[in-house]
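The numbers here are math on the coordinates, done by the rules we state, and not lab data. Source: prediction; values computed, not measured. Cβ coordinates were reconstructed from backbone atoms using ideal geometry, including for glycine residues, and neighbour counts include every protein chain displayed.
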Amino acid sequence: MDADIVTISADIDVMSARHRGRELAIGLGISGSDLTLLATAISEIARNIVQYAGIGEIEFRTVTHGGKRGLMIIARDTGPGIADIAQAMQDGYSTSRGMGLGLPGAKRLMDNFEIVSETGKGTRVSMIKWEQ
């Protein structure tokens, strides 16, 4: 599958990314509660783009490993970046008035999760949900 990219700059784009992720996951055989987990993780990451960076994108790719297929979601922006990733990954930590569940919550919902960020240059979150 070629990369499928959704530009994120407003709340409606969060819903578009969530919907597109679900569609692609269904096509890979991901079903049931895993679809809900995937869609929730996409929503959390996309909302962070809108809130902290203003604009970014979410890319969807099919990946395979050991005979399993999965959906890789790569969210990237050129926003302010995250100064302390370890702190940002703690439940309850938020630089806004949110509940601080976005990044650590998304990590718990997905099978693989990686975040790279540089202050002043942006953030890249990669996550995968594998078919069961």
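Candidates Met15, Leu35, Ala3 compared by Cα position along the dipole of the chain: farthest toward the positive end lies Leu35, with charges placed on Cβ.
Taken about its Cα centre, region 4-130 carries a charge dipole of about 220 debye when Lys and Arg each add +1 at the Cβ and Asp and Glu each add -1 at the Cβ. For the pair region 1-41 / region 51-66, the C-alpha centres are spaced 10 Å from each other. The long axis of helix 11-27 is offset from the longest Cα principal axis of the chain by roughly 30 degrees.
Between Ala39, Ala25, Ala83, where does the largest GNM mean-square fluctuation fall for the chain, given springs only between Cα atoms within less than 10 Å? Checking each option, the largest mean-square fluctuation is seen for Ala83.
Within straight-line reach of Lys129, meaning a Cα separation under 17 Å, sit the following lysines at least 8 residues removed in sequence or on another chain: Lys68, Lys107. Against the chain, whose longest principal axis comes from its Cα atoms, helix 33-48 is set at around 30 degrees.
Largest mean-square fluctuation among Asp84, Asp111, Asp13, in a Gaussian network model of the chain whose springs join Cα atoms under 10 Å apart, belongs to Asp84.
Between the entries (i) -0.48, -0.93; (ii) -0.65, -0.96; (iii) -0.54, -1.07, the label attached to log10 I(q)/I(0) by the Debye sum over Cα atoms at q = 0.13, 0.18 Å⁻¹ calculated for this structure is (i).
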